[in-house]
Amino acid sequence: MSNFLWFLVLLLGPVVVGAVIAYGMMQMRLYTSARYRRDALTGEIYGKDDR
């Protein structure tokens with residue numbers, strides 16, 4: 001029984017860590033694209049673009 005629990009830990013641990021990293025990368029990508037969109041719209045509203 002103890003060997004089975006270690007097997008689950010060794011199998012599911014990296015899967016969970018990978019899922020958390022992938023989720024964080026997706027959130028960062030969504031945040032970055034929203035920031036660029038926000039900056040572009042702000043530039044249109046105020047008639048200037050610093051880029």
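Data table
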item	result
Value of [θ]222 nm, deg cm²/dmol, for the chain, DSSP H segments ≥ 4, -39500 (n - 2.57) each, nearest 500	-33000 deg cm²/dmol
Simple label model, 7 Å out from Cα along Cβ direction - residue 15 to residue 45, nm	4.6 nm
Protection proxy ranking of 3-10, 39-46 - average other beta-carbon atoms within 10 Å, highest first	39-46, 3-10
Acute angle (nearest 10 degrees) that the helix 2-46 long axis makes with the longest principal axis of the chain, alpha-carbon atoms	0 degrees
Tail weight of P(r) past 13 Å, computed on alpha-carbon pairs of the chain, percent	70 percent
Of all accessible heavy-atom area on the chain, the percent that carbon and sulfur account for (1.4 Å)	70 percent
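The values are calculated or read from the model by the stated rules, or taken from the named source; none is laboratory data. Quick caveat, the model's predicted, so the values are computed rather than measured. Quick reminder, even Gly has a Cβ in these numbers, built from the backbone with ideal geometry, and neighbours come from all protein chains shown. Remember, those area values only see protein heavy atoms, side chains included, never the ligands or the DNA or RNA. Shrake-Rupley method; radii C 1.70, N 1.55, O 1.52, S 1.80 Å.
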